[in-house]
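Beneath this line is the structure, given in structure tokens, with notes to follow.
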Amino acid sequence: MPLRLKLAIAAALATLGLGGWLVLRDSSVFAVHDVTILGLSADAQPAISAQLDAAAQSQTTTDFSVAALRAAVARFPHSARRDRPPRGPIAAGP
């Protein structure tokens, strides 16, 4: 098979693969339907869940924006808490 034909076939397959991925990544195949948010107070849970749900409606597992989710809950006060202390070094050098 001539090199030009091989390159044309490779380019066509790459184009079809990329086009298929772009179509599928926004499909319901990769959609998230149920999410559980842990650690919220009973007062804050409905409001924060509604904001996150609204921000995530147009997102899928392969096409998402962490910035959009953070922006959705930016107006809510929060505090971080670690249940475990951070790990120490795994290895030591000479």
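For this structure, a couple of remarks:
- If the condition is being closer than 18 Å to SER27 by Cα and either surrounded by 13 or more Cβ atoms within 10 Å (Cβ to Cβ) or in contact with a Lys or Arg (Cβ under 8 Å, 6 or more places away or on another chain) (or both), then the range 38-64 contributes ALA55, ALA56, GLN59, THR60, THR62, ASP63, PHE64.
- Members of the range 1-22 that are loosely packed, with under 10 Cβ neighbours inside 10 Å, among the aliphatic types (A, V, I, L, M) and part of a helix (DSSP H, G or I): LEU3, LEU5
- Flag if ASP26 is touching an Asp or Glu at 6+ places or on another chain (Cβ under 8 Å) and not in a helix (DSSP H, G or I): yes
Values quoted throughout were computed directly from the atomic coordinates according to the rules given, and no laboratory measurement underlies them. Keep in mind the model is a prediction, meaning the values are calculated, not measured. For neighbour counting, all protein chains shown are included, and Cβ atoms are generated from backbone atoms with ideal geometry for every residue, glycine included.
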